[in-house]
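Have a look at the structure below, then the notes.
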Amino acid sequence: MFQLETRPVPSASMRLLSPLIAALLMLASGFVLFTLLGQPALKAFYVFFVQPLTTLYGVGEWLLKATPLLLCALGLLIAYRANVWNIGAEGQLVMGAIAGGGVALAFPDVSGSWLLPAMLLAGVAGGMAWAALPALLRTRFHTNEILVSLMLVYVAALGLRFLVNGPWRDPEGFNFPQSRMFHEAAILPLLHPEMRVTLAGVLALVLVGLIWLFLSKSWLGFRLTVAGQAPAAARYAGFGEKRNVWIAMLISGGFAGLAGVAEVAGPLGQLQPSVSPGYGFAAIIVAFVGRLNPLGALLASLLMSLLYLGGETAQMELGLPAAITGLFQGLLLFYLLAADLFIHYRVRRSVRAPVAVLKEATR
């Protein structure tokens, strides 16, 4: 018989190394997976992990996909540090896209410099408003924010589909379910003419530093961390749980909303039935692979972005199914959780006492 025994002191070094171990195990599993799919493993690895970064355009796409992942993960890691489980960043991203896109559509011919900042603020407000719903229901009616925030993802997605198929559909778009293209003043500037990555990438890097300062140097960041790691101590210190829930949900929702408006004001340039391939859900993995640390989230977002980009390249070059990206993401999370299990627990062989065995034998 074997049983799990809690370790007196989990290893701090292994906690930092576990994301790397999980990534290496993911790669080893990928080797087996490619072989089972009948693909030359080395060629498949090159196509998946190296070929996307061999051109300037590919590097731009890598950074472009990393930006919304990083923005969503920065907000989520704050919530998770506070023990507030926001699973609905995908819906908050969509609402941010709707709110920011709505500003662009309301002023189709305006070329003022104020339009783009107004869109970004509207996107943040839209994400915060959508995150406020599970915060309200938890603090007022003690509902589970995991279920509420997750269910609101589908409400937001249906709301977007209604708008682009109905009142916001482009009248000159040949009946396609999409809005008008945004005015040039409502589009984020590119960082390089040969890449699609926009100014939002620089903004995300700035926010990494700001979030690190917020968590490590500010009183509010300390308060949220204590509330997550030691709830009893937080209550004793007078840190109100309801206020912590509101702060964590609003911050995480605002970051997801910013990611949403950055997508529609960047590579998309309009509202479409789908504005995200699941960045809000993948950002949950990014936050945990990054160890709920802003700098770790930056590295994890680059890895997750490469999985998206490599999956697309593998579909075109090797004919692999689109599900290959999600499979690699799932493997990464699985191995990370497995590593965490053995960081906090160790396997012990339980030896039954001879007297107890003798009693059972004589019954």
Quick check: anything in segment 182-190 without any contact (Cβ under 8 Å) to a residue 40 or more places away in the chain and either within 20 Å of the chain's Cα centre (by Cα) or under 25 Å from A122 (Cβ atoms) (or both)? yes
Yes or no: segment 156-168 includes at least one residue that is under 18 Å from the mean Cα position of the chain (by Cα), part of a helix (DSSP H, G or I), modelled with pLDDT of 95 or more and closer than 13 Å to M249 by Cβ. no
From the list R81, R15, exactly one residue is of a type in the set (K, R), out of contact with any Ser or Thr (no Cβ under 9 Å at 6 or more places or on another chain) and in contact (Cβ under 8 Å) with a residue 12 or more places away in the chain. Which is it? R15
Exception for I87 within (1) surrounded by fewer than 20 Cβ atoms within 10 Å (Cβ to Cβ); (2) in contact with a helix residue (DSSP H, G or I) (Cβ under 6 Å, 6 or more places away or on another chain); (3) closer than 17 Å to Q329 by Cα falls at (1)
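State whether one or more residues within segment 49-56 are over 21 Å from the mean Cα position of the chain (by Cα) and closer than 24 Å to Y335 by Cα. Explain how you work it out, then say what you get.
Residues of segment 49-56 that are over 21 Å from the mean Cα position of the chain (by Cα), as a first pass: 50-56.
In the following step, the residues that additionally are closer than 24 Å to Y335 by Cα were identified as 50.
Within segment 49-56 (the criterion being over 21 Å from the mean Cα position of the chain (by Cα) and closer than 24 Å to Y335 by Cα), the answer is yes, since at least one residue qualifies.
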If you go through P108, P117, the only one that is without any contact (Cβ under 8 Å) to a residue 12 or more places away in the chain, more than 17 Å from I247 (Cβ to Cβ), open to solvent by 50 Å² or more (accessible area, probe 1.4 Å) and not charged (D, E, K, R) is P117
List, please: which pairs have Cβ atoms under 7 Å, are six or more places apart or on different chains, and start with a residue in segment 279-307 that is at negative phi and end with one that is among the aromatic types (F, W, Y) and crowded, with 21+ Cβ neighbours inside 10 Å? L307/F328
If I filter segment 209-232 for residues that are closer than 24 Å to L93 by Cα and touching a strand residue (DSSP E or B) at 6+ places or on another chain (Cβ under 7 Å), do I get at least one hit? no
Look at T139 and say whether it is closer than 22 Å to V245 by Cα, surrounded by fewer than 18 Cβ atoms within 10 Å (Cβ to Cβ) and of a type outside the set (D, E). no
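The values are calculated or read from the model by the stated rules, or taken from the named source; none is laboratory data. Every value quoted in this text rests on a predicted model; they were computed, and no experiment measured them. All Cβ positions, glycine included, derive from the backbone under ideal geometry; neighbour counts span all protein chains shown. Remember, those area values only see protein heavy atoms, side chains included, never the ligands or the DNA or RNA. Shrake-Rupley method; radii C 1.70, N 1.55, O 1.52, S 1.80 Å.
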